[in-house]
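The next block holds one structure in the form of structure tokens; read it before the comments.
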């Protein structure tokens, strides 16, 4: 069998040709994404390039994922920030969405204006445990139903109000799905049904809205969001298949131009038995996406998140020169730093910082409290200190000459002991940009997908 | 009739887990839907849980003698969070030393607690009160 995977990125349309007889990747190619006119143009260009390189390629099946046209833009709404709002954000992120904003309690006028301005594809509405609070989710449903915009709504809150929610959305003429509560009982996560609903709505409505209908007609399987394909690959690589073991717990970092995605495949139980776990339990497969940490479109936001004078001191480069480079990158996202230039050094240092911040926001946080019984430690989130493998999968990491340096940002730091980041992982690179393609392939041939993934991991 | 939800836990830096488990067991047995937050629970965690679960009452335990300091301000925060008039109960070993409990109960009432219980209170007493307060 021959398969062709297509990954429609915001910039490039990437093809991977897979031959099951050889059990390997036959070739890859890429061309600019042409989502504004007709995605097929870019696809055909990439296909020409592929066939120029490897000869005619007649595939049996086409598999496709997309993060073009802004990806899957979502808003998450919950009740209490640390509870259902956090659960909603987690469900949306792990379905491959780009969570633009997370809101809690009753939505304010200002927040509703923001939602209209973001113009999301989907809004995930949660709130209340089953049998718990009903007023807030009902109020928010009414408010959301009145917001102008073409977004669909997924309600995954208190089951006691399902019927009322249905009436509200039907009356308003909104596209909606009502599914199981993300937190049916206190502190218990149930994000899978919401994740599934997001996936189905993406297939049903959003694919067409993003101009991917023609492509969908050619594919046997449904088009899925690219981060979901990457996450599937991460899971496969970690857990393995029935006949072949995976590489165990891991952390993957995808540093891109607009966002930084962190995936952890790990139970995250505290490494020490003396630490008390606090807060919401987290899923084995967890993804977080940072919309303000990226190497081009979000470079200015990354700079805002940094302490610029400290950064200048660390890199021994005057602040003005760093800021000048950031300004140039923001003005011209296509710009590439010259080899062995100061700009390249700034670039790598910024990339390391982006990784550092993204992993800090992803991992668990250790806190100590002094009690009459002595010092007691508690952790909120996942303890990733013992993770054996750390994988760099984004363009900004794999194309760098210093991927090791960039990935070091993900490591535990003695200066910031609160962040439970990996202490001594082995570093790998997804040198051939294979994760999304293998995530897609795994739906058909898990064994082959795992083999290709493992073969393409490059230790550094 | 739908079960009433009770949020319970051991407040502050207190890690006395046994009484908390017995209380949670007894309340469940008495027909309540119990959300047990366990030990070392902050005021904010009690409130967050009560909001999400639409709790009918919050039952705070404290065994290590610092209960008064730990409980102070909980009523005000409940008011702020929209948990208007939610019954707040506290029990265990709330204060250090052999103090006259009538005085302690008065101080807890002044802090906005619906009721405070002296050491050695039976589970039946608390359960009967809870039925009364949540009706």
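The values are calculated or read from the model by the stated rules, or taken from the named source; none is laboratory data. The structure displayed is predicted, hence computed values, not measured ones. Cβ atoms come from the backbone with ideal geometry, glycine included; neighbour counts cover every protein chain shown.
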(request) Out of the residues in the range B:39-53 that are within 12 Å of chain A (Cβ to nearest Cβ), within 14 Å of the chain's Cα centre (by Cα) and without any contact (Cβ under 8 Å) to a residue 40 or more places away in the chain, state the one that is surrounded by the fewest Cβ atoms within 10 Å (Cβ to Cβ). (result) B:44
(request) Working only within the range A:189-203, note down all residues that are more than 21 Å from residue A:86 (Cβ to Cβ) and either touching a residue at least 40 places away in the same chain (Cβ under 8 Å) or within 14 Å of another protein chain (Cβ to nearest Cβ) (or both). (result) A:201, A:202
(message) Condition check: surrounded by fewer than 18 Cβ atoms within 10 Å (Cβ to Cβ) and at pLDDT 95 or above. Does residue A:286 satisfy that?
(response) no
(message) Taking the conditions exactly as written (in a strand (DSSP E or B), within 14 Å of chain A (Cβ to nearest Cβ), at pLDDT 95 or above and closer than 21 Å to residue A:183 by Cβ), does residue B:6 satisfy them or not?
(response) yes
(message) Given the options A:333, A:372, name the one that is more than 14 Å from chain B (Cβ to nearest Cβ) and surrounded by fewer than 22 Cβ atoms within 10 Å (Cβ to Cβ).
(response) A:333
(request) Kindly indicate whether any position in the range B:30-38 is at negative phi, away from chain A (no Cβ under 13 Å) and free of Cβ contacts under 8 Å to residues at least 12 places away in the same chain. (result) no
(request) Quick one: in the range A:122-159, of everything that is in a loop (DSSP other than H, G, I, E, B) and away from chain B (no Cβ under 11 Å), which residue is surrounded by the fewest Cβ atoms within 10 Å (Cβ to Cβ)? (result) A:148
(request) Restrict the check to the range A:78-97 and report whether at least one residue is away from every other protein chain (no Cβ under 14 Å), in contact with a strand residue (DSSP E or B) (Cβ under 8 Å, 6 or more places away or on another chain) and farther than 19 Å from residue A:192 by Cβ. (result) no
(request) Considering only the range A:230-264, state which residues are in a helix (DSSP H, G or I) and either within 10 Å of the chain's Cα centre (by Cα) or in the same structural domain as residue A:331 (by TED's automatic domain parsing) (or both). (result) A:230, A:231
(request) State all residues of the range B:9-26 that are more than 9 Å from chain A (Cβ to nearest Cβ) and either part of a strand (DSSP E or B) or over 19 Å from residue B:124 (Cα atoms) (or both); if no residue qualifies, say none. (result) B:9, B:10, B:11, B:16, B:17
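Okay, residues lined up against (1) under 30 Å from residue A:128 (Cα atoms); (2) more than 12 Å from chain A (Cβ to nearest Cβ):
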position	(1), (2)
B:59	yes, yes
B:81	yes, no
B:90	yes, yes
B:96	no, no
(request) Please specify each residue of the range A:160-188 satisfying the condition of being surrounded by fewer than 20 Cβ atoms within 10 Å (Cβ to Cβ), without any contact (Cβ under 8 Å) to a residue 40 or more places away in the chain and within 14 Å of another protein chain (Cβ to nearest Cβ). (result) A:160
(message) Give me the residue from the range A:217-240 that is surrounded by fewer than 16 Cβ atoms within 10 Å (Cβ to Cβ) and modelled with pLDDT of 90 or more and, out of that set, farthest from residue A:62 (Cα to Cα).
(response) A:217
(request) Run residue B:68 past the list (1) crowded, with 22+ Cβ neighbours inside 10 Å; (2) more than 11 Å from chain A (Cβ to nearest Cβ); (3) at pLDDT below 95 and report the number of the one that doesn't hold. (result) (1)
(request) Any chance you could count how many residues in the range A:375-393 are closer than 23 Å to residue A:256 by Cα and either within 14 Å of chain B (Cβ to nearest Cβ) or part of a strand (DSSP E or B) (or both)? (result) 4
